Amino acid sequence: MDEKERDSAVSHAPLMGRRGFLRAGASVGALAVGAGAGVKAMAEGTPDPLITEMQPWASQWGDGVDATPYGLPIRFEGDVIRRNVSWLTADVVSSINFTPIHALDGTITPTGCAFERHHSGAIELAKEDYRLMINGLVDTPLVFTYEDLERFPRVNRTLFLECAANSGMEWAGAQLNGVQFTQGMIHNMQYSGIPLRTLLEEAGVKPEGKWIYVEGADASSNGRSIPLEKAMDDCIVAIKANGEALRKEHGYPARLCVPGWEGNMWVKWLRRVEVTSEPVQSREETSKYTDTLADGTSRKWTWVMDAKSVITSPSPQMPIRHGKGPLVITGLAWSGNGAITQVDVTLDGGKTWKVARLAEPGVAMALTRFYLEIDWDGSEMFLQSRAHDETGYVQPTKDQLRAIRGENSVYHNNGIQTWWIKATGEAENVEISSPADRGGAG
Ligand code: MTE
Ligand code: CO
């Protein structure tokens, strides 16, 4: 912009004049009221100074393009951040934080607030120091540098990553008061990377090879066994997320994506893929990431994250502040078995259900955003959502899950979440038995 352009930009607003502002303000108000959104019309004699008075942002320069070479959210959004649960976070280097899903919309998780889980801290591994080894039952053991990886054909895919322990603290009853904490061990990013199949084919898998064992370069190594079939089907060695280099905490410079399967298998700082004939039975797949059942036995190899959904707003961190009238109910749904086909929402704890509107058709193994717009009468509600996926699977109630799994499980809790919305608009995490479980109608 040269000086002349700047002058005309600055003088543009005042040119409109006070009467111009008034007229513009009134018509916007009228439109909004017509749409029933409850925007306050400008009352006679009480003009809104935000409309009628010259504001500093309209009479001063804004920041130049050199002020923020890489931007952060505006300061007013400073509470949209990852948070942890103090009693869960015994040690921050072997712990977890949660995505602020209550405050987000759409489906892509902004990288800077996408939850992190690491067993021995987020390491700093430079691209130059990165090596990826493929060994074991292969014709030619290979080592790739980061530059080598960049020379293979790439794919782009948007995927959710859900930690198997998401909602794990809710097995025995409603505990944490916020969707960030109850369902926030999830993120959804667009990954760019190399199909793992391409790299395995480069090495040549021997006929005896039936599994792979993947491990990371961090001290924990987080080793996991994955059936070769899955490895050859849709796993990706990702080198970018949401268009940019992976963040350190998400596995820079390369991580494994295992679409639809539990987050623990998405090895970060991926350093080795060993082709084996049997699973390795590592610590991460025997002492952990198994599911204890009601009878005390445990089952393992429960890799897929079953269909799940949750209302993100209103919710305990997002109370209704505007009183009765138009209310947007929104949330997220996902399934590790394919695309979400339908989401139902109930206002009365499961007695009656309405079909929510999917913002976009469900994408396999990615988050789906749903909305239900209602006219809230100001009375209390027991809000729940229920996901259906393309296999015909319907998200179960927590009681249905507990009938099979008991209360000793930690992982794979995909039960229906209830928010008690009070007449004040405040929301609380509660559990109610569903009409179906009580043997009633609905
Ligand atoms: N990979 C390595 N190398 N080390 C780890 O600690 N944690 C796992 C998985 N991959 C982990 C890892 C777990 S339990 C989860 S849920 C996901 O990474 C979390 O990925 P995120 O930090 O990108 O959210
Ligand atoms: Co995890």
Being away from ligand 1 (no atom under 14 Å from the Cβ), more than 16 Å from E215 (Cβ to Cβ) and buried (at least 20 other Cβ atoms within 10 Å of the Cβ) narrows it down to one residue among T312, T292; which is it? T312
State all residues of the range 243-263 that are touching a helix residue (DSSP H, G or I) at 6+ places or on another chain (Cβ under 6 Å) and either closer than 26 Å to G168 by Cα or within 12 Å of ligand 1 (Cβ to nearest atom) (or both); if no residue qualifies, say none. R247, V258
R357 surrounded by 15 or more Cβ atoms within 10 Å (Cβ to Cβ) and of a type in the set (K, R): no
Could you list, ordered by first residue, the pairs with Cβ atoms under 6 Å in which the first is in the range 94-112 and more than 13 Å from ligand 1 (Cβ to nearest atom) and the second is open to solvent by 30 Å² or more (accessible area, probe 1.4 Å) and not in a helix (DSSP H, G or I), at least 6 apart or interchain? P100/V80; H102/Q317; H102/M318; A103/V80
Do you know which of the residues in the range 240-264 that are free of Cβ contacts under 8 Å to residues at least 60 places away in the same chain and touching a Gly at 6+ places or on another chain (Cβ under 9 Å) is surrounded by the most Cβ atoms within 10 Å (Cβ to Cβ)? G251
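Yes/no per residue for (1) away from ligand 2 (no atom under 16 Å from the Cβ); (2) more than 17 Å from L196 (Cα to Cα); (3) open to solvent by less than 10 Å² (accessible area, probe 1.4 Å); (4) not in a loop (DSSP other than H, G, I, E, B):
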{"position": "S220", "(1), (2), (3), (4)": "no, yes, no, no"}
{"position": "A238", "(1), (2), (3), (4)": "yes, no, yes, yes"}
{"position": "V267", "(1), (2), (3), (4)": "no, no, yes, no"}
{"position": "R271", "(1), (2), (3), (4)": "yes, no, no, yes"}
{"position": "V275", "(1), (2), (3), (4)": "yes, no, yes, yes"}
{"position": "P279", "(1), (2), (3), (4)": "yes, yes, no, no"}
Identify all residues within the range 81-98 that are more than 21 Å from G216 (Cβ to Cβ) and touching a helix residue (DSSP H, G or I) at 6+ places or on another chain (Cβ under 8 Å); write none if there are none. I81, R83, N84, V85, L88, F98
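For (1) hydrophobic (A, V, I, L, M, F, W, C); (2) in contact with a helix residue (DSSP H, G or I) (Cβ under 6 Å, 6 or more places away or on another chain); (3) away from ligand 1 (no atom under 16 Å from the Cβ), each residue gets a yes or a no:
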{"site": "A174", "(1), (2), (3)": "yes, no, yes"}
{"site": "F181", "(1), (2), (3)": "yes, no, no"}
{"site": "S192", "(1), (2), (3)": "no, no, no"}
{"site": "L196", "(1), (2), (3)": "yes, yes, no"}
{"site": "L199", "(1), (2), (3)": "yes, no, yes"}
{"site": "K206", "(1), (2), (3)": "no, no, yes"}
{"site": "K210", "(1), (2), (3)": "no, yes, yes"}
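The values are calculated or read from the model by the stated rules, or taken from the named source; none is laboratory data. Bear in mind that the values here come from a model prediction, so they are computed numbers and not experimental data. So basically every Cβ, Gly included, is an ideal-geometry build from the backbone, and we count neighbours across all protein chains shown. Surface areas here come from the heavy atoms of the whole protein model, side chains and all, with no ligands, DNA or RNA. Shrake-Rupley method; radii C 1.70, N 1.55, O 1.52, S 1.80 Å.
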